[in-house]
Every structure is written in C-alpha cells, then in structure tokens.
Amino acid sequence: MKRLLVSMLALSVCAIELRGQMNESAQTPSELLRVIEAGHPHEIALRITVDEMSLDEYWTSTFDSIFAFADVDSDGLLNEDELRLIPSARAVRLSLGTGFTPPVATILSLNEIVATESPTCSKDALGKYYRRHGVGRVTFGTGQLPHTAALTQAIVQSLDQDRDGTISEAELSKAEVVLRRRDANDDELIGVGEFVPNVSYPGQWAANPLATSANIDISTLGDGSLRLLRGQKLASDAAGDTSGQLTDWSIAIADRIKVSPLELVTKTRGVVWSVPGPLSALNSALGEELANADAEPSTEPEGNRNRGRRASRAWLTPLVDRDRNGMASQEEIDRWLALQRQIIRGQLLISIYHDGGLFEMLDANHDAALSVRELRTAWQTLKIASCTSEDRVDLDRIPNVLLLIVSQGYPDSLASTTTTSVEWFRRMDRNSDGDVSRREFTGSPDAFRRLDQDRDELLSPREAESPTAELNP
C-alpha cells in the first residue's frame, strides 16, 4: 500500500510538472518587440498561433513533415541519397514570396546540416538546421511614410477656410463638399496623389528587414526619441525592472488571419490589421500549372516549337521523385504539394510603416484614399483619439502613427477591404470603399431609398445584409 501511495505521489508530481511545462510553452511569446519612446520602453509580446498551435509547435510539425517526405526508407534517418528531397533553408524562406520552395541553394552534403562527419541526419538535426538559418520565424519588414508632412499640409490648406492655420469642427464638417474638387478621377475618393501630386504611397515598401536584435530609429525627426527593437529581453523579465509597459498582441491563423488590437500606452498610435496575402493563390496556381504541364521538356528546336505547347514540369521531378524511377508520379506530386501547403501556411509577414500622421488617422480602411464616410466621420475619429481641443483639431496631438500589417506573403494591396456575402453589393462598390453610393447603385431610386435605412445616401454592408433588404422593387 505504501508503494502504491509513493507511486501515485510521483505520478502526481510528474503531472504537475508537465502541466507547468505546457503552460510555460503556451505563455512563451513567438516574438518580442519593444517600442522605446523618450527612454520609456513599451514591451510587445507577440503570440502567434497556426491552426491553434503555437508558431513554434507548428514549425516543429512542419520540419517533421519535411523529414517524413524525404525519409523514403522510413528508418528515421536521412542519408545522402534522401538529402536530395530536402528543400534548403533558403528555399523555405523564399516560399514567402513564391508560394512553394523553389529549387535553389540545393543542399549538397549532410555536413551542411550536421556538424559532424555523420553519414546520416536525424529529425532533430534537420529541425535545428532550419531554425539556425531563420526558418520558422516571422518575417518583419519596415518602411517609412515619407509624405506625412506634405499630406497634413494639403489637408489643412484645403479645409482651413478662415486661414488661421487650424481646422475647426465646422470646417471639418464641410470636408466632403470642399474636398470634392480634388477628386480628379471622379471616383468619389480623395487619393494621396490628389492631395500631393506625383507621390507614391505608402512610399518606401516595407522591405527593410527587421532582424533579430535590430534597433532602428523610427522617430519623425530622426533624433532617436522613438526606437523599435526586436527580440530584446522584456523589461519585466529583468531582475527588479518593471518600468516597461507590457502588451500582449495575438495573431491567429485559421480560416483567415485574426489580429487583436495593439494598445500602446505612449504617444505613438499602433494601428494593426491583416490582409490575406497571395500565398494560397500562388500555391493553387502552381497546382493547376503542374496539372496542365508536360512531364518532359520539348526536344524540338526553339524556333520550331508551337507557341501553344504546354510548359514542362521536368524541373519538379528531382524534387518529388521519391522512388528514384526518373519520373514524377501524380501521387508524388500530390504529396509534395500537400507539403508545400503546410510550409506556406506558417509563413507570416508583418510590414511595419512608421511616421504616419493625420492622413493615416483618417484613412480607416488604409486604401490610400479618403472616402465619403471617412470624411463625414473625421471629427469624431480625431476626437476619440484625443486629437482635438475644444472645437479645433490640435495638430500637436496627432501621434506618430505606426502601421502594422499582417499577411501571408507579400500583398498586392494593403487595404483592409470591407467584406460581405451580398454579391450585388460587391459588384456595385466600384471604388471598393466599403459603401455603395447613389451614383454607384444601378438599381432604381426607390430601391435605394428603401435600402438606405439611415438616410445617409450611402448603403453600408450592414444595410445590404439586413433581413428586410431586397434589391428588386
């Protein structure tokens, strides 16, 4: 009986330790960011999940899947021959932009993965090789919004009717009418180029990498008063140091990307949103291309080839030919494509733009233009953000706006578009501002009046999705 009690006690202790380890793993941030403003640190613990697994767990599973794909003889080790089926770390990183691991930087020897002269490679060694070369981490890109001052000046000059150098609530209430004259292309949007001619937006693409232990100046004046760091130890982790504010920021990848708000207790305003990114579409296009491609390259001289001849998938054969018969079977291709889908699902890009200002505060859907609704709600937007003083916009209170966009791959557009299941609404919203104006509406005037429940001359997704909404009279 005494032995039984001792055994049960030992099992209980092990269970408690295991739960503690699991909780510690769940609480470990995927990434650490720090914003330091005027010497005061604000810590951001970024917690990322993919299909309800932590990012680290997801990539461990992905590395195991790569290993299983290459371990043709299923002996739990990779030999030199099986090494040919392993995508290099560089190829996996490049899949962020391609949608699959391209045949580049081929691993020529097991010595590139294992440090010793071992003739084989274990699953653990393969995972360490990938992590050593940065695979399994979030990709961060940073960029500056260089036209902030010019945009603010253009907005103020357009709306400041009494020429006192500020914008009053009354003046801002007329923005929809006053700014209409700037709508050169008549699309019911005032774009960046219509405020400041011949500028691109967001300007410098967020292509400057934010490497681990990076420390960059993101202050408006370049005086170092605002800095962004990555991978720095949290101040709350340091012995006796609790000076930094700590914020949890979560990103969940499932059917779509979900991001939580980012509340910075500083003068900097963090604005976060997600866009789908092109990886899934790129991977689907690859599958269709391979299905329609010829197994072998053409042997005809280039000048004699039929322009309609299909492309060859011969480049793929060395990557998928697990049975070494010199051909890529459909089963091998399907298994390789499934592995590619798993790899790109864990690829995450966070684009960080700094030096935003008044324009970024008003551009709610981040499409680089101000819509009718954004202009109508401008005063309320600024008032909620404490950027007003009595009846005027206080330009000194406009924060340094930090834009953080989460995507799977390099997105074509940064706009956070309004989605709805109502097909007619999507078709009529030609400028993609999330509303259907009377001009865009192709139905009858009576139908528009019936749908426009709040009588604001704009049809919103909510009104289009109303149970009582009927397009036809």
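A short reminder: the numbers here are calculations on the coordinates, not readings from a lab. Everything quoted here is computed from the prediction, not taken from an experiment. Here Cβ is always computed from backbone atoms with ideal geometry, including for glycine, and neighbour counts include all displayed protein chains.
Using only C-alpha positions, report the orientation-averaged shadow area of the convex hull of the range 423-464, nm², one decimal.
2.6
Find the centroid of the Cα atoms in the range 405-473 and in the range 147-212, then give the distance between the two in whole Å.
That distance is 24 Å.
In which sequence would Y130, Y410 go, from the one with the fewest C-beta neighbours within 10 Å to the one with the most?
Y410, Y130
I need to check one value: relative contact order of the chain, counting alpha carbon pairs closer than 8 Å and at least 6 residues apart, in percent.
For the chain, the relative contact order is 19 percent.
Order the peptides 334-346, 449-461 from the highest to the lowest mean number of other Cβ atoms within 10 Å of their residues.
Put in order of decreasing packing, that is 334-346, 449-461.
Skipping prolines and chain starts, which residues have an amide H placed within reach, meaning under 5 Å, of the one on G357, given they are 5 or more residues away or on another chain?
Amide H to amide H, under 5 Å and 5 or more residues apart or across chains, G357 pairs with V401.
At a threshold of 8 angstrom on Cα-Cα distance, excluding pairs fewer than six apart, so keeping six or more, what relative contact order does the range 423-464 reach in percent?
Contact order relative to length: 38 percent.
Just report the Cα centroid separation between the range 93-119 and the range 349-367, whole Å.
Using only Cα atoms to place each centre, the spacing works out to 37 Å.
Pick the calculated P(r) over Cα pairs in 20 Å bins from 0, in percent for this structure from (i) 20, 44, 24, 9, 2, 0; (ii) 25, 59, 15, 0; (iii) 19, 43, 30, 8, 0?
Comparing each candidate, only (iii) matches the computed number.
With unit charges on the beta carbons (Lys and Arg positive, Asp and Glu negative) and the dipole taken about the Cα centre of the chain, which residue among Y201, V406, P41 sits farthest to the positive side?
My answer, from the dipole projection, is P41.
Grab every C-alpha pair in the range 158-197, bin the distances at 10 angstrom width from 0 up to the longest one, and report whole percents.
Pairs per bin, as whole percents: 30, 48, 22, 0.
Under the definition of Cα pairs under 8 Å and six or more residues apart, what whole-number percent is the relative contact order of the range 384-443?
Relative contact order of the range 384-443: 18 percent.
How do Y353, Y129 line up, fewest other C-beta atoms within 10 Å first?
On the way: Y353 26, Y129 21.
Fewest-to-most ranking of Y353, Y129: Y129, Y353.
What is the sum of charges around Y58, taking Lys and Arg as +1, Asp and Glu as -1, for the other residues whose C-beta is under 9 Å from the C-beta of Y58?
Net charge in that neighbourhood comes out at -2.
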